[in-house]
Amino acid sequence: MGSGQRLGRAFGWLWAAYGTSALGTWLAFGALPLIAIRVLDAGPAEVAALASVGAAVGAAVAVPLGPWVEFRRKRPVLIAMDLLRCAALLTVPAAFELGVLTFLQLLLVSVVVAAADITFRAASGAYLKTLLPAGDLLVANARFESTAWTTTIIGPPLGGAAIGLLGPVVTVAADAVSHLLSALGIRAIGGHEPRPGERPGDGARMRAGDLLDGWRYVLADAVLRPLFFNTVVFNGLVMAVQPLLAVLMLGRLGFAPWQYGLAFAVPSIAGLLGSRLAGPLVTRFGQREVLAGAGALRALWPVGLAFVGPGTGGLVLVMGVELGLIFCCGVFNPVQATCRLRLTAADRVARTLSAWAVTTKASTALLTAVWGVLGTLLGPRPAIALAGVLLLATPLLLPRRPPAPSAVEPPPV
């Protein structure tokens, strides 16, 4: 299960498409809120709505798309979602040049992009499961994870420089182009994708009950269920404190924006290391042990952010906490993604991954709003500390028993 293992030409194109799209997303990180502030004179409430409401409504829009994707070939869906994201983002520079850009348009773009992101992830997971044998899934997911951290490291600094030189509208256009290149890469995979099975019952007609199939499947599985709740709560709480940490560091503690960016960019290197070690650790210790160990260790770090102070010492503390957190996440994430794919039946992958992503996005938006209120009532530092204490309990939500062998690897043929 080495990092140099060859996974074939088709995976190579899929991997390249993912990397291109991820880099474009990070180049434009924060561009829409910046446009809202600088171009449209938006206030704090509007900027917060752009992040939270856009993600929440996008998640709601994506709910019926999971069942829709399940019974269609996945590669055309991936291409369509890339082109949809490209078209939606391109409306921003077009409207800006015509002088007709509005906040409502930015909000609609954020909704469309959020819904397309969820659908793309669901379809890509289902496609990956048909593309590779079960034994190669961890290597593939580790490569996606390492690419995600690489683009996290290089994207925001390059995007920040581009925004400074050319303005945020240009970086949105670059993000749109990255999705177009991703669509071309997925199209270059070629080959014949087998047609999925027919929808049971009414054939092409979608029933109301289909919308809940993904959640039913997750909640009925003794391993997926705790893994699902662990992911939703952990991701939601970690993301909920980010705005409060920004207020604390950039406001009360007086850190410069470049110091704030450095505090999160440099530790992302640990994500690369963690993702490369995921496979060897599973080989040596086993999937369940790595999930339990990395899942428990990643919960220990965030509470340290409540103790950040001014100056170099505070900056070093934040970087140390993020380094440990990101390393553990770099190990945990590809193992979790692989476990989830292996445990999910081939005809349920799109619905399951869609339900997973919808819940994660919606809960993150909700917890971010709740912690915004707590930060106002209690102050940023106590609210960050409360989230850190709650995160210490998340390892209790991890699976208590390993998955059945038949669910992890297919039987020999």
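The values are calculated or read from the model by the stated rules, or taken from the named source; none is laboratory data. Note that this is a predicted model, so its numbers are computed, not measured. Glycine gets a Cβ as well: all are built from the backbone with ideal geometry, and neighbour counts include every protein chain shown. Keep in mind that these areas ignore ligands, DNA and RNA; they rest on the heavy atoms of the full protein, side chains included. Shrake-Rupley method; radii C 1.70, N 1.55, O 1.52, S 1.80 Å.
Taking the alpha carbon gyration tensor of the stretch 9-103, multiplying each eigenvalue by 5 and rooting it gives semi-axes of 29, 17, 13 Å, largest first. Calculated accessible area for the chain comes out at 45 Å² per residue, all protein chains present (probe 1.4 Å; ligands, DNA, RNA ignored).
Taking packing as the residue-averaged number of other Cβ atoms within 10 angstrom, the listed peptides 373-386, 88-101, 134-147 run from highest to lowest as 134-147, 373-386, 88-101.
So for the chain, what are the equivalent ellipsoid semi-axes in whole Å, largest first, each being the square root of 5 times an eigenvalue of the Cα gyration tensor?
Values: eigenvalues 206, 146, 86 Å².
Equivalent ellipsoid semi-axes, largest first: 32, 27, 21 Å.
Take the Cα of Ala346, step 7 Å toward its Cβ, do the same at Val389, and the gap between the two points is 5.0 nm.
Charge tally for Pro76 (other residues, Cβ to Cβ under 13 Å; Lys, Arg +1; Asp, Glu -1): +4. On the principal axes of its alpha-carbon atoms, the stretch 85-237 has extents of 51, 41, 37 Å, going from largest to smallest. Each 10 Å bin from zero holds the following percent of Cα-Cα pairs in the stretch 260-413: 10, 29, 36, 18, 6, 1, 0. Which residues does a label at Ala134 reach in the stretch 320-351, if reach means a backbone N under 14 Å from a point 7 Å past the Cα toward the Cβ? 338-347, by backbone N distance to the label point.
So what is Rg over Rh here for the stretch 148-201, counting just Cα atoms and using Kirkwood for Rh? Provide the component values of the computation, followed by the final result.
Numbers: Rg = 17.9 Å, Rh = 14.2 Å.
Rounded to two decimals, Rg/Rh equals 1.26.
Taking label points 7 Å from Cα along the Cα-to-Cβ direction, Gln259 and Leu317 give a separation of 1.3 nm. When each of the peptides 21-31, 112-122 is scored by how many other beta carbons lie within 10 Å of its residues on average, the order from highest to lowest is 112-122, 21-31.
What does the convex hull of the Cα atoms of the stretch 266-307 come to per residue, in Å³, rounded to a whole number? Intermediate values should be presented prior to the final figure.
On the way: hull volume 2.5 nm³, N = 42.
Dividing the Cα hull volume of the stretch 266-307 by its residue count gives 60 Å³.
Tell me, rounded to the nearest percent, the portion of alpha carbon pairs in the stretch 230-319 spaced more than 18 Å apart. Taking all Cα-Cα pairs of the stretch 230-319, the fraction more than 18 Å apart is 54 percent. Overall, the chain carries a charge dipole of about 860 debye about its Cα centre when +1 sits on the Cβ of Lys and Arg and -1 on the Cβ of Asp and Glu, all other atoms neutral.
The C-alpha atoms of the stretch 339-389 occupy a region whose extents along the principal axes are 47, 18, 8 Å, arranged from largest to smallest.
Distance from the alpha carbon centroid of the stretch 358-386 to that of the stretch 261-325 works out to 21 angstrom. Leaving ligands, DNA and RNA out of it, report the carbon-plus-sulfur percent of the accessible area of the chain at a 1.4 Å probe. With neighbouring chains kept in place, the figure for the chain is 70 percent. Judged by the mean number of other Cβ atoms found within 10 Å, the most tightly packed of the peptides 306-316, 324-334 leads the ranking 324-334, 306-316.
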